[in-house]
Protein chains: 2
Amino acid sequence: MSWQAIDNEVKSWLKQARKLILTKMDSDLQVSTKSGPNDLVTNLDKQVEQFYISQIKQKFKHSRILGEESCKEEGLLSFDGLFWVIDPIDGTMNFVKEKENFASMIAIYKQGKPYIAYIYDVMKDRLVWGGPALGAVYCNQTQLPAPKQHALKDGLVAISCPMVLANYRNVVEVIKASSGCRMVGSAGIEFINLILGKHCAYLSYLRPWDFLPGKILGETLGLSVKTIDDEKVDVVSSSVVLVATKSAHTEIIELVNR
Amino acid sequence: MSWQAIDNEVKSWLKQARKLILTKMDSDLQVSTKSGPNDLVTNLDKQVEQFYISQIKQKFKHSRILGEESCKEEGLLSFDGLFWVIDPIDGTMNFVKEKENFASMIAIYKQGKPYIAYIYDVMKDRLVWGGPALGAVYCNQTQLPAPKQHALKDGLVAISCPMVLANYRNVVEVIKASSGCRMVGSAGIEFINLILGKHCAYLSYLRPWDFLPGKILGETLGLSVKTIDDEKVDVVSSSVVLVATKSAHTEIIELVNR
């Protein structure tokens, strides 16, 4: 099976998911909470995840799946087929409140290795996709250059709100050394901002389905994706993840490990 | 002179400014700093402001103008003609780094009273416009309803980064009482977020050209636009401005004035 065959399928699923979301988001949205009042899930998160799962099971039989809402199969690094990591709607709070700035994401591992990934900014119809299978990353039809190596002082940083409020690991100094801080509320959208060179760093506590698609895409373009302790990110657990240009990475690691 | 005649002119200027920005932003952008390394201005800020000023002077002779970059005429509340407040590119840092999330804004006062205003999200081609002259606010062609009265716990808040870092007036408690915090980096885009009901409150230190267009539009739709001390905003000076739904306003004023 070529990556092009997989790619054709996945892109058609993403477009169908977009259609479903656009059709139902204003008229048929049921919101409930998970771990707390600000951890939301909707019927559309679940429907889109079920749609992806049913498509994968139908089209790619030798697959395992890890999904945010329902499906928690294991063996990402040992399974000899395709391992799919799916986040149907990343940034559900934005989806509910802003009706924009959320992403639908899929990461594919093949024989335990990163293969191809997708982050879809649904409302902007902006699909960032690619990976080692093709040795490149695209935004829609345009191949992307590696992001410019902005130093911290010349770049915007995105840091999750709880970390800023607690000044976790000195992040206030990171912000003061940068061009400014943005809070977007979706890991997928933040990865896109890094990949497109809009921001120079992103720091947040993330779960595998939040960071794996962006990790595959970002690393293909030379971005650094490490833990806040400058270690390799464990792809099967949650971590405090720092995504950054190489130069901003060095400066931030120094500031947060003082 | 009817408001429709003014509206026709202004909309054509905004579209022309958009064309100029889209044509030149990637190829012909010169960035310099104003008060500090993160206070940017570009050749396009200046060109767009000059374009608006020349059009106003040509088409509306009995006018005065207050512009961010160059033109500081006085008499907003006493002048008996049209008083124009212009911010050619609000969110210049975003314009330079993100190439999106910036706005071109115009507020018009007539005989000292708010008349009509425009906030144009240039990259999304999303124009929010209206005011007392027509008793309504539109997003492009669609008339907008009053934003829903979200309570603070059910809404996203946007608070400027320096205020959050300093926990100015207890804003950390405001964030903790809300659905979450976003930092967008443009007052114009934030006013749009409030007007479209995406966020329930915005708090920032703002200058007249930052807040007057949004104040005219927001108040037309029943949003509260006050100082952080719950006083009337002085339209000719800079202030810490709180824009909010009426219910979020009450809760925030209580939290920041404890």
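The values are calculated or read from the model by the stated rules, or taken from the named source; none is laboratory data. Since the structure is predicted, the reported quantities are computational estimates derived from the model, not experimental observations. Don't worry about glycine lacking a Cβ; one is built from the backbone with ideal geometry, like all the others, and counts go over all protein chains shown.
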Legend entry - Hits in the range B:49-94 (condition: surrounded by 17 or more Cβ atoms within 10 Å (Cβ to Cβ) and hydroxyl-bearing (Ser, Thr, Tyr)): B:TYR52, B:THR92
Inset, instruction - Identify the residue in the range A:1-31 that is surrounded by 11 or more Cβ atoms within 10 Å (Cβ to Cβ) and over 28 Å from A:LEU82 (Cα atoms) and, among all such residues, is modelled with the lowest pLDDT. - result: A:ASP28
Legend entry - Unique residue being under 14 Å from A:GLY91 (Cα atoms) and among the aliphatic types (A, V, I, L, M) when the list is A:LEU44, A:LEU29: A:LEU44
Inset, instruction - Test A:PHE83 against the criterion of being over 12 Å from the mean Cα position of the chain (by Cα), on the phi < 0 side of the Ramachandran plot and away from chain B (no Cβ under 14 Å), and give yes or no. - result: yes
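Residues are listed down the side, and each one gets a yes or a no for (1) within 15 Å of the chain's Cα centre (by Cα); (2) modelled with pLDDT under 95; (3) more than 10 Å from every other protein chain (Cβ to nearest Cβ):
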site: B:LYS148; (1), (2), (3): no, yes, yes
site: B:LEU152; (1), (2), (3): no, no, yes
site: B:ILE159; (1), (2), (3): yes, no, no
site: B:LEU165; (1), (2), (3): no, no, no
site: B:ILE175; (1), (2), (3): no, no, no
site: B:CYS181; (1), (2), (3): no, no, no
site: B:VAL184; (1), (2), (3): yes, no, no
site: B:ILE189; (1), (2), (3): yes, no, yes
site: B:ILE192; (1), (2), (3): yes, no, yes
Legend entry - Test: residue in the range B:75-86 that is in the same structural domain as B:GLN58 (by TED's automatic domain parsing), among the aliphatic types (A, V, I, L, M) and at pLDDT below 95: yes
Inset, instruction - Looking only at the range B:213-225, decide whether some residue is more than 20 Å from B:VAL128 (Cα to Cα) and surrounded by fewer than 21 Cβ atoms within 10 Å (Cβ to Cβ). - result: no
Legend entry - First in the range B:28-53 and within 14 Å of chain A (Cβ to nearest Cβ) and touching a residue at least 40 places away in the same chain (Cβ under 8 Å), second anywhere and in a loop (DSSP other than H, G, I, E, B) and surrounded by 18 or more Cβ atoms within 10 Å (Cβ to Cβ), Cβ under 7 Å, 6 or more apart: B:ASN38/A:SER179
Inset, instruction - Could you list, in sequence order, all residues of the range A:14-53 that are hydroxyl-bearing (Ser, Thr, Tyr) and over 14 Å from A:ILE106 (Cβ atoms)? - result: A:THR23, A:SER27, A:SER32, A:THR33, A:SER35, A:THR42
Inset, instruction - Tell me, please, whether a residue that is closer than 16 Å to B:VAL256 by Cβ and either under 11 Å from the mean Cα position of the chain (by Cα) or within 14 Å of chain A (Cβ to nearest Cβ) (or both) can be found in the range B:207-220. - result: no
Legend entry - In the range A:32-74, the residues that are among the β-branched types (Val, Ile, Thr) and either at pLDDT below 95 or within 30 Å of B:LEU152 (Cα to Cα) (or both): A:THR33, A:VAL41, A:THR42, A:VAL48
Inset, instruction - Filter the range A:164-216 down to residues that are charged (D, E, K, R) and free of Cβ contacts under 8 Å to residues at least 60 places away in the same chain and give me whichever is nearest to A:MET93 (Cα to Cα). - result: A:GLU190
Inset, instruction - Considering each residue of the range A:212-258, count those that are part of a helix (DSSP H, G or I) and among the polar types (S, T, N, Q), and give that number. - result: 3
Legend entry - Any helices (runs of 4 or more DSSP H) falling wholly within the range A:139-211 and containing at least 1 residues that are more than 18 Å from B:ARG182 (Cα to Cα) and of a type outside the set (A, V, I, L, M): A:171-176
